[in-house]
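> Here's a structure for you.
The values are calculated or read from the model by the stated rules, or taken from the named source; none is laboratory data. The structure displayed is predicted, hence computed values, not measured ones. Cβ atoms come from the backbone with ideal geometry, glycine included; neighbour counts cover every protein chain shown. Please note that ligands, DNA and RNA were not included when accessible areas were found on the heavy atoms of the full protein model with its side chains. Shrake-Rupley method; radii C 1.70, N 1.55, O 1.52, S 1.80 Å.
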Amino acid sequence: MMSDVKALALLEAFLFAAGDPIEKDKLADLMEVSAQRLDLLLDQLKRRYQIDVWSGLRLSEINDKVALSTKVELGESLSLLFDPRNRQDLSQASYEVLAVIAYSEPVTRSEIEMVRGVNSDSIVTRLIERGLVEQRGTLDVPGRPGLLYVSEQFLADFGLKSTKDLEAVDLLMYDEAAEYPDEETEIKLNELAAENADSGRQDAKDRYSNETVVIAIDGPSGAGKSTLARELASRLSILFLDTGAMYRALGLKALRMGLKPSDEAEIQQMLADTDLDVELSPDGQRTFVDGIDVTDDIRTPAVSQAASDISALSVCRHFCVDRQRALAERQSLVLDGRDIGTYVLPDASVKFFVTASPEVRAKRRYEEMLQKGESSNYDDVLLEMKQRDFNDSNRALAPTKQADDAIFIDTSGRSVADLVEEMLDLVNKKMNENADVPERD
Ligand code: DC
């Protein structure tokens, strides 16, 4: 069997030569190693780049593909030398959105939503930031009338003179996106344009996508914030941002790197080489660290504790808060967290402070764990919950606190359905009040 040293060198050489993301299966075949051994080698290489401050590289994983890319903080310097070419860390959803735009340009955001069946605004915004998509002109329809085209950079990256040269195989690295044949897309888009023109059918969904509404839900762990936030977002047809997931993702990275989540110097160094990204859709949030989807790995008790520790560090808060504000600037959102109404978005349209007694919250968490088949003990869960409450409420920076203008909601003994109805009424009331306030010159 090939030694680890040789296998690592070969792996690095293959990734370097491939340039594009390469399927792990294919890589394992080329290297003549098992999938399991390849995973171990990839882990080793990834750690090497993370630890090695002299290296300008990192290893990115997207779905089942891997690629070498440059460290995030070097991006600006590199762009001085090279055109930002064909960034390979696009998610599957981003490729789908690109495909819809490229095949149907010009399209509006609503039209993309119609084709994909999910709100893709945050993805479109990211593609615009990356220079792959441009907005030129607007359509005379209500809602989101901006007309989107793919950019010159997109054409250069995909080796095309114009989108007319586009063949399915050129762009569609992912099979799913190929499911949108031209004609079908066009029919769907025409139907949507007709629907949009019918302004008589404005429901809550249109209302809140035209008029930006930001709803902040703060409160301690286990109060039911995320369940309520998710449900409220769905009822208003806007997106939900779980800010706790961001701190959890960073806590997980620290644990995986063997760092102490409360060590400011170590964490600061880690953050300098961390790419944190969230993909929002009505189906739920996916959270990515350094291009890796960690959504399913961040709900363990160890990560909860790491998130609580890491979130007390100011470097970490700035890192996350900047991203949260940028997301809320572009679109309507429901956000849940600890400091959304007090610090992140003090001008949020509606603020809730949601809580329940520690015993009720611990019981919910305990039952949740049992349901997932995790062994646990109620007393331990209660103790851990109280410890985390203490941590989160007594830290110097952004402690869990009710904003003066937040609506207090005690969820003890109440059903989700009942709470959501109450919150929806309050949102409507508040939005109408806000609309009635005359604007000052
Ligand atoms: O809501 P949660 O349990 O997923 O949050 C995980 C940790 O992150 C929690 O202990 C406190 C911290 N957090 C924070 O400090 N600020 C936020 N806006 C969200 C979470």
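> Cα atoms only: what Rg and Dmax, in Å, come out for region 245-321?
In Å, with Rg to one decimal and Dmax whole: 11.5, 37.
> Please report the equivalent ellipsoid semi-axes of region 188-435, computed as sqrt(5 x eigenvalue) of the Cα gyration tensor, largest first, in whole Å.
Each semi-axis is the square root of five times an eigenvalue, giving 31, 22, 18 Å.
> Can I ask one more? Report the one residue of PHE319, THR287, TYR343 whose Cα lies farthest in the direction of the positive end of the charge dipole of region 260-387 (charges on C-beta: Lys and Arg +1, Asp and Glu -1; origin at the Cα centre).
TYR343
> A follow-up question, please. Please list 95-104, 146-155, 296-305 highest first by mean number of surrounding beta-carbon atoms within 10 Å per residue.
My ranking of the peptides, most packed first, is 95-104, 146-155, 296-305.
> Here's something else I'd like to know. State the percent of C-alpha pairs, over all pairs in region 11-81, separated by a distance greater than 16 angstrom.
48 percent
> Given a 1.4 Å probe and the protein chains all in place, what does the accessible area of MET2 round to, in Å² to the nearest 10?
Probe radius 1.4 Å; accessible area of MET2 about 50 Å².
> If you don't mind, another one. Given the C-alpha centroids of region 1-56 and region 301-361, what is the distance between them in whole angstrom?
So the two Cα centres are separated by 37 Å.
> Additional query: Can you tell me the length gained on complete extension of the stretch LYS386 to SER34, counting 0.36 nm per residue apart and subtracting the Cα distance?
Gain on extension, LYS386 to SER34, equals 122.2 nm.
> Only Lys, Arg, Asp and Glu count, each charged at its Cβ (+1, +1, -1, -1), so figure out the dipole size of region 188-435 about its Cα centre, rounded to 20 debye.
The calculated dipole for region 188-435 is roughly 240 debye.
> If you don't mind, another one. How far, in nm, would the chain grow between ASP263 and ARG299 when pulled straight, counting 0.36 nm per residue and subtracting the alpha carbon separation?
10.8 nm
> List, in the order given, every pair from LYS225/LYS372; LYS225/LYS386; LYS225/LYS253; LYS65/LYS260; LYS24/LYS225; LYS253/LYS351 whose Cα-Cα distance in the structure shown is over 28 Å.
LYS65/LYS260; LYS24/LYS225; LYS253/LYS351
> At a 10 angstrom cut-off on C-beta neighbours, averaged per residue, how do the peptides 55-67, 364-376 rank from highest to lowest?
Top of the packing list down: 55-67, 364-376.
> Same structure again: Rounded to the nearest 10 Å², what accessible area does LEU426 show when all protein chains are kept and the probe is 1.4 Å?
Here the accessible area works out near 40 Å².
> Seen from all sides and averaged, what is the projected area of the convex hull of the Cα atoms in region 341-441, in nm²?
Seen from a random direction, the Cα hull of region 341-441 projects 8.7 nm² on average.
> Between LEU397 and TRP54, what FRET efficiency follows from the Cβ-Cβ distance if R0 is 35 Å, with the result rounded to 0.05?
Once the sixth-power term is evaluated, E becomes 0.60.
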